[in-house]
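Here's the structure, in structure tokens; my notes come after.
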């Protein structure tokens, strides 16, 4: 009987020690993961606030000030049936006009595709200034995962408000051919079929996420 009690006590000590160790590891890794995610998010925000020459349209100091002042609580704030928009929404002032940076997701081929985008508010509507696809980890390597390439992402922006009246569409969905990349953007179309053959679902997810952000902005920023 004493042997059973002794063995049970030893097992209890092992369980407590293992539980403490796991809790400590979780606490440490949770903080590091949070720091890493915040760093990636800040990098994406910075990226979508640069023009094609690499110049910031909002000062780096202003970006850091605004980001630090906004409560970094990610939650869904809008859905249009194809895409979901998340908080926080950042607003900056620039020479181009008020700039909004927000994030949204849509379903790709393998899972969720997450997009961070910047929009400039103009007198005739919102201009899509820039985007960064920040999560496409479940998309097929060599096919949908090519959406991570910067040259492909640039086919989605910039697009003027007049071309975004009906949102943005990928060229295959728009059923157009023979247009150059710039001609397509002038019509609110992202030409990707020539560089992402057989991978329409992933760029469509990017378009859906962008359109969800547009719908949210048009509904009135809260």
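The values are calculated or read from the model by the stated rules, or taken from the named source; none is laboratory data. Treat the numbers as computed from the prediction; the structure is a model and nothing was measured. Here the Cβ positions follow ideal geometry from the backbone for every residue, glycine too, while neighbour counts run over all protein chains shown.
Close Cβ contacts (under 7 Å, 6 or more residues apart or on different chains) running from residues in the range 43-65 that are under 13 Å from residue 95 (Cα atoms) to residues that are part of a helix (DSSP H, G or I) comprise 49/63. Residue check: is residue 68 over 18 Å from the mean Cα position of the chain (by Cα), in a helix (DSSP H, G or I) and either farther than 29 Å from residue 158 by Cβ or at pLDDT 60 or above (or both)? So residue 68 passes the test. Of the residues making up the range 185-206, just one is at positive phi and either under 17 Å from the mean Cα position of the chain (by Cα) or at pLDDT 95 or above (or both), namely 188. For the range 73-82, the set of residues classified as exposed (fewer than 13 other Cβ atoms within 10 Å of the Cβ) and at negative phi consists of 73, 74, 75, 76, listed by residue number.
So which residues in the range 188-222 are surrounded by fewer than 19 Cβ atoms within 10 Å (Cβ to Cβ), assigned to a loop (DSSP other than H, G, I, E, B) and touching a residue at least 40 places away in the same chain (Cβ under 8 Å), if there are any at all? 195, 198, 221, 222 - these are the residues of the range 188-222 that are surrounded by fewer than 19 Cβ atoms within 10 Å (Cβ to Cβ), assigned to a loop (DSSP other than H, G, I, E, B) and touching a residue at least 40 places away in the same chain (Cβ under 8 Å). Could you tell me which of the residues 220, 188 is farther than 18 Å from residue 136 by Cα and in contact with a helix residue (DSSP H, G or I) (Cβ under 6 Å, 6 or more places away or on another chain)? Answer to the check: 188.
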